Amino acid sequence: MENVRVVPTRRHPIVYANWLHAQRRPTILIYGHYDVQPAEPFSEWRTPPFEPVVRDSNVYGRGACDDKGQLFTHVKALESYLKTERSLPVNVKCIFEGEEEVGGSVGLEKFVLRNRNALGADAAVMSDTRMLGPGRPAIGYSQRGNLRFELEVRGPKEDLHSGNFGGVIHNPLQALCEIVAGMHYSEGRVAIPGFYDNVRQWSAKEREYMARTGPKDDEILHDAHVPQAWGEPGFSLYERITIRPALTLNGIRGGYGGAGIKTVIPSRALAKISIRIVPDQKPREIDKLLREYIRRAAPPTVEANLRALAVSHPALVNRNHPALRAAAVAYRRGFGAAPVFLRSGGSVPAASIFQKTLGIPTVLMGFALPDDHVHAPNEKFHLPNFFRGIETSIWYLAAAAKLRDSQRQPEPEEEWSA
């Protein structure tokens with residue numbers, strides 16, 4: 001690859017490289033992220049999370065699947081082409097970032113905005129999603145957005161003895177639990193007023209397509225290792241995690257959590273909250289609704305403060321777009337099976353950034369399995385999928401060359417803004 005750069009951001013750098021010698025051929029933007037989710041709780045890992053181990057045809061370690069292993073399939077595909085053919089069938093621009101998990105791709109968004117002309121392409125491709133199962137490939141055409149918050153509730157200036165003050169001082173940890181518990185009705189629907197006002201309603205035809213091609217309820221429960229579902233009534237589990245929004249309590253901290261007992265009223269408590277949003281929901285509006293709910297729900301005996309940590313928008317691509325059809329061809333070659341088109345409940349900020357800023361679709365061509373424990377202890381990547389992923393990525397470059405009879409000439413050495 002050429003024009004390799006490590007571009008600084010306020011947090012983690014962006015790695016860029018290109019190869020622009022395919023005259024009158026399309027340009028493909030290859031994206032991936034090298035940052036990972038926190039590895040805690042360490043005690044639940046069978047092997048150290050940052051010392052990769054191969055066991056039973058899987059490589060175990062934090063980031064093995066999300067997204068280092070999947071990103072690497074594209075690197076190996078480029079290497080294979082350049083070592084054998086000495087050229088690529090399309091023009092390629094690679095962007096690998098380090099803030100997808102930790103910062104909502106804020107640095108990436110600024111980088112793309114400042115360099116939108118230099119980053120012009122016909123389509124983007126990323127591998128950061130999962131398949132339906134072994135030998136059952138899937139192409140993503142929809143992602144939910146994600147808003148992440150930190151809610152802090154403060155009470156007394158310092159921890160208090162619960163024997164001296166229990167029953168007369170409102171415990172911030174209790175108040176936090178009461179605020180968070182009120183965010184849902186008992187059956188699972190979000191209880192924040194106005195939360196569903198702008199949720200897009202999908203046609204019966206689209207819901208029938210989803211029911212025909214998507215995972216069944218029992219498959220989702222099996223993948224989650226739980227016996228019974230919970231959530232918004234009136235929708236299948238696949239619909240709940242893709243076309244319906246969700247509010248999730250991701251973590252809570254406060255008081256004493258060590259061995260034995262420490263009888264205190266904690267001075268503060270903290271909750272991590274994420275909200276997955278769907279098309280037609282606006283992050284700013286949801287932020288406002290959540291703040292209004294907390295203002296009403298927080299008792300006057302404590303102080304509640306909400307801090308926004310990161311935001312990403314939903315992304316939706318026409319599944320008949322030629323770039324997605326090229327991925328279907330590649331999957332048939334690499335896996336020997338036709339893929340299904342799936343919606344994803346997860347969020348990849350880059351997809352909406354490329355759509356909004358560059359005006360291009362993002363092909364979500366994932367190789368993860370449902371049991372790869374993404375974001376959880378003992379994350380893994382199935383090695384047969386890794387090797388088939390390399391083959392599929394090679395075939396995608398070949399298929400993408402036929403996207404259109406491009407008149408775009410490869411760009412000269414670009415002017416960059418870090």
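Brief remarks on what is shown
- Residue check for Thr9: open to solvent by 10 Å² or more (accessible area, probe 1.4 Å), of a type in the set (Ser, Thr, Tyr) and under 30 Å from Pro377 (Cα atoms): yes
- Failed criterion for Arg11 (all others in (1) touching an Asp or Glu at 6+ places or on another chain (Cβ under 8 Å); (2) at pLDDT 95 or above hold): (2)
- Every condition in (1) modelled with pLDDT of 95 or more; (2) closer than 27 Å to Phe72 by Cβ; (3) part of a loop (DSSP other than H, G, I, E, B); (4) within 23 Å of the chain's Cα centre (by Cα) is met by Asp128 except one, and the failing one is (1).
- Qualifying positions in region 373-418 - hydrophobic (A, V, I, L, M, F, W, C), at pLDDT 95 or above, more than 20 Å from Trp19 (Cβ to Cβ) and buried (at least 19 other Cβ atoms within 10 Å of the Cβ): Phe381, Phe386
- Single residue of region 49-66 satisfying the filter (in contact with a Gly (Cβ under 9 Å, 6 or more places away or on another chain) and free of Cβ contacts under 8 Å to residues at least 12 places away in the same chain) that is surrounded by the most Cβ atoms within 10 Å (Cβ to Cβ): Val53
- Residues within region 337-368 that are of a type in the set (Val, Ile, Thr), more than 14 Å from Thr129 (Cβ to Cβ) and more than 14 Å from the chain's Cα centre (by Cα), tallied: 2
- Residues satisfying the stated conditions in region 293-319, i.e. surrounded by 13 or more Cβ atoms within 10 Å (Cβ to Cβ), charged (D, E, K, R) and in a strand (DSSP E or B): Glu303
- Any hit, region 42-64, residues being closer than 22 Å to Glu379 by Cβ, part of a helix (DSSP H, G or I) and among the hydrophobic types (A, V, I, L, M, F, W, C): yes
- Verdict on Pro38 being open to solvent by 80 Å² or more (accessible area, probe 1.4 Å), more than 30 Å from Gly120 (Cβ to Cβ) and in a loop (DSSP other than H, G, I, E, B): yes
- Residue within region 357-364 that is open to solvent by less than 20 Å² (accessible area, probe 1.4 Å) and closer than 29 Å to Glu40 by Cα present: yes
- Looking across region 221-248 at every residue that is over 25 Å from Pro38 (Cβ atoms) and assigned to a helix (DSSP H, G or I), the one that is most open to solvent (accessible area, probe 1.4 Å) is identified as His222.
- Top-ranked residue in region 249-292 [being farther than 21 Å from Gln174 by Cβ and polar (S, T, N, Q); ranked as surrounded by the fewest Cβ atoms within 10 Å (Cβ to Cβ)]: Ser274
- Among the residues of region 102-128, those that are more than 14 Å from Ala400 (Cβ to Cβ) and open to solvent by 20 Å² or more (accessible area, probe 1.4 Å) comprise Val102, Val106, Glu109, Lys110, Leu113, Arg114, Arg116, Asn117, Asp128.
- Residue within region 322-330 that is touching a Lys or Arg at 6+ places or on another chain (Cβ under 6 Å), among the small types (Gly, Ala, Ser) and buried (at least 19 other Cβ atoms within 10 Å of the Cβ) present: no
- All positions within region 131-144 that are in a loop (DSSP other than H, G, I, E, B) and closer than 16 Å to His382 by Cα: Met131, Leu132, Pro134, Gly135, Pro137
The values are calculated or read from the model by the stated rules, or taken from the named source; none is laboratory data. All of these numbers come straight from a predicted model, not from anything done at the bench. Cβ: placed from backbone, ideal geometry, glycine included. Neighbour counts: every protein chain shown. Accessible surface is based on the protein model in full, side chains and every heavy atom, while ligands, DNA and RNA are left aside. Shrake-Rupley method; radii C 1.70, N 1.55, O 1.52, S 1.80 Å.
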